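A.B. asks: The structure is given below, and queries will be raised subsequently.
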Amino acid sequence: MVLWRKQLALFKKAVLEAKRKCFDDFISNINYKEDSMKTYKFLSTLQNKRPVPKKEPIYFNGAILTSDKVVANAFGQSYAKNQKKGAFARKMSSQIKKRLEMPKNLNSSHDTHIVFTAPFTLEELRLAIECQRVKKSPGEDNIPCRVFKTYE
């Protein structure tokens, strides 16, 4: 009986050493960013946990996107780049680009640029009113109340 317990203890020790060696080899050769699912699967098998659905890294513009936040930011940038702007947005952005000039000396006072501090012109107000929602009843001056809420 004593001999059997001794052999069982040696067997458990050998199994534990084999698991540790396998784990050490795996950890020393892994790239955590690219092999995140492989790492999770390996650790979950060691802990006897169920596997999670497979989530592959996304390759975008030569970069590997692994986290959800990075994937969301890349999608947002791509969507903003490829979306079709409305006529008002295209016209206003081109007008602002034409009027906006870089200051000659950056060491001057902290005054903001005139584009950002100047009041609306009547043309800009008219264009903004035209882009408001359709079928909303305007007031007596043909300006919807939504304009006052938006541009206060």
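A.B. asks: Scan the range 68-86 for residues that are over 9 Å from the mean Cα position of the chain (by Cα) and either free of Cβ contacts under 8 Å to residues at least 24 places away in the same chain or in a strand (DSSP E or B) (or both) and report the count.
C.D. replies: Result for the range 68-86: 8.
A.B. asks: Also: Looking at THR45, is it under 30 Å from the mean Cα position of the chain (by Cα), of a type in the set (Val, Ile, Thr) and either surrounded by 10 or more Cβ atoms within 10 Å (Cβ to Cβ) or part of a loop (DSSP other than H, G, I, E, B) (or both)?
C.D. replies: The answer is no for THR45.
A.B. asks: A follow-up question, please. Restricting the search to the range 48-80, which residues are farther than 30 Å from LYS19 by Cα, modelled with pLDDT of 75 or more and surrounded by fewer than 10 Cβ atoms within 10 Å (Cβ to Cβ)?
C.D. replies: TYR59, ASN61, GLY62, ASP68, LYS69, TYR79, listed by residue number.
The values are calculated or read from the model by the stated rules, or taken from the named source; none is laboratory data. What you see is a predicted model, and the numbers here were worked out from it, not measured in a lab. Virtual Cβ from ideal backbone geometry, glycine too; neighbours counted across all protein chains shown.
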